[in-house]
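The values are calculated or read from the model by the stated rules, or taken from the named source; none is laboratory data. As the structure is a computational prediction, the values presented were derived from the model and not from experiment. Glycine gets a Cβ as well: all are built from the backbone with ideal geometry, and neighbour counts include every protein chain shown.
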Amino acid sequence: MTWLEFFKTFAGPMATVIASVTAGVVVIWFGTVQAGIARSQAATSAAQKDIANAQLKIAFDKLKHDLFDKRYEIYLAAKGVIEAIFNHSPVNDADPALKKLRLKLDEARFFFPPDTLAFCENIEKLVYEVLVASRAASGYSEDRPERHELRDQQAKGEIQLARIYEELAKRFERDLGFEQLTKPVA
């Protein structure tokens, strides 16, 4: 049997084997390329996860900072409203600055836990009582007993506000303190 006859006889099976080997090589090459792409996608996904976690931490820190700003504004409003009561005698209940401070103090309901909220509401209640007593007392002449009673009510409210003013920073300390700075180092 000559080579020509050999190739004629086995050409079909040899072509099948060659085609199979070629197809196998191509499949292996594509598989390797696909595996490389999958590995790079997994690495990209892991990097995106790390970026998302970092962004989450940044957003949470921003939220804490914004909350601190809002709480500090309310603390300053509580302080300012008490100071306004003492700085202006008689108290002008129509003063726009005083109204603005009282409105800011009212925002405590959105930013503080219940105990601090109750403290702020107590300040507002006392301020309201002082303003009402001051306004009502101005409607009576100096010699009327009603005026003296109202001025006594006003004075009692102002005394309570003075006591609150002394403890104001201590009461807000927990809510305004940065945890990183106030907790003990382990």
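Worth a mention:
- Subset tally (residues that are closer than 17 Å to THR116 by Cβ and either in a loop (DSSP other than H, G, I, E, B) or among the acidic types (Asp, Glu) (or both)) for region 142-172: 2
- Test: residue in region 172-185 that is more than 21 Å from the chain's Cα centre (by Cα), closer than 25 Å to LYS62 by Cα, at pLDDT below 90 and not acidic (Asp, Glu): yes
- Among the residues listed as ALA78, ALA108, ALA52, the single one being of a type outside the set (Phe, Trp, Tyr), over 25 Å from ARG174 (Cβ atoms) and out of contact with any strand residue (DSSP E or B) (no Cβ under 6 Å at 6 or more places or on another chain): ALA52
- Test: ILE82 is surrounded by 13 or more Cβ atoms within 10 Å (Cβ to Cβ) and within 23 Å of the chain's Cα centre (by Cα): no
- Selection status of LYS99, under 21 Å from the mean Cα position of the chain (by Cα), modelled with pLDDT under 95 and surrounded by fewer than 14 Cβ atoms within 10 Å (Cβ to Cβ): no
- Residue within region 123-139 that is basic (Lys, Arg) and at pLDDT 95 or above present: yes
- Complete set of residues in region 130-177 that are within 17 Å of PRO90 (Cα to Cα), surrounded by 17 or more Cβ atoms within 10 Å (Cβ to Cβ), out of contact with any Gly (no Cβ under 7 Å at 6 or more places or on another chain) and hydrophobic (A, V, I, L, M, F, W, C): LEU131, ALA137, LEU150, LEU161
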